[in-house]
1. Given the conditions (1) surrounded by 12 or more Cβ atoms within 10 Å (Cβ to Cβ); (2) more than 16 Å from residue 91 (Cα to Cα); (3) modelled with pLDDT under 90, and given that residue 168 satisfies all but one, which numbered condition is not satisfied?
2. Of all residues being within 25 Å of the chain's Cα centre (by Cα) and either among the small types (Gly, Ala, Ser) or loosely packed, with under 15 Cβ neighbours inside 10 Å (or both) in the stretch 112-123, which is farthest from residue 81 (Cα to Cα)? Just the residue, please.
3. Please work out which one of (1) surrounded by 10 or more Cβ atoms within 10 Å (Cβ to Cβ); (2) modelled with pLDDT under 90 is the condition residue 49 fails and give its number.
Amino acid sequence: MEEGDDKGNTIHVDFPGSDSIAASTTKILVGNTVNSPTNSQQTVSDDDVIDYTTKPEFYDPDLDDKNELWAHKKRHGRISDAVLSCPACFTTLCLECQRHEKYLTQYRAVFVVNCKIEKDQVLSHNISRSRKRNRGGERFNGNEAQSSNVETLKQVCCSVCLTEVGAIDEDEVYHFFNVLPSEC
């Protein structure tokens, strides 16, 4: 076996038992040559390409503070028990609400966003019942007669995905019972 040539780029290997000289000698290229497919294009690591001295184009270190100021302006400085979102599409429904004292997953509000009132879906609530035995309302068409001791509620849905999120009473107070609350 002979190794190297004038430039040190080739290795000649002789295989024993070969009949012809051409078949018995194999030339292996070593080093940086143009004919090698691995060396035809110089590869560079990703870490070498990234320039850490320039700031990313879409990064803003003050973005959280700006978002907090925007939300504070939208709420006009008022404090809320929670920010309510739709459970299906996470759309914001209410920025200012009050949590129910007994039913901790229910909220009431006057000012809402992204809510649609379903006028054809009416819920009735009998207010003459004891509060302990109240199990919710019964649905009926708005054309049926209403007695003085029955409070009517209209169904409220998310305006984006039409998921039922609550109801609105005759005093235009929204009662949310199917929402995701988040801390303010």
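1. Tallying (1) surrounded by 12 or more Cβ atoms within 10 Å (Cβ to Cβ); (2) more than 16 Å from residue 91 (Cα to Cα); (3) modelled with pLDDT under 90, residue 168 fails exactly one: (3).
2. 116
3. Residue 49 satisfies all of (1) surrounded by 10 or more Cβ atoms within 10 Å (Cβ to Cβ); (2) modelled with pLDDT under 90 except (1).
The values are calculated or read from the model by the stated rules, or taken from the named source; none is laboratory data. Here the structure is a predicted model, which is why all the values come from computation and not from measurement. A quick note on method: Cβ atoms are made from the backbone with ideal geometry, for glycine too, and the neighbour counts reach across all protein chains shown.
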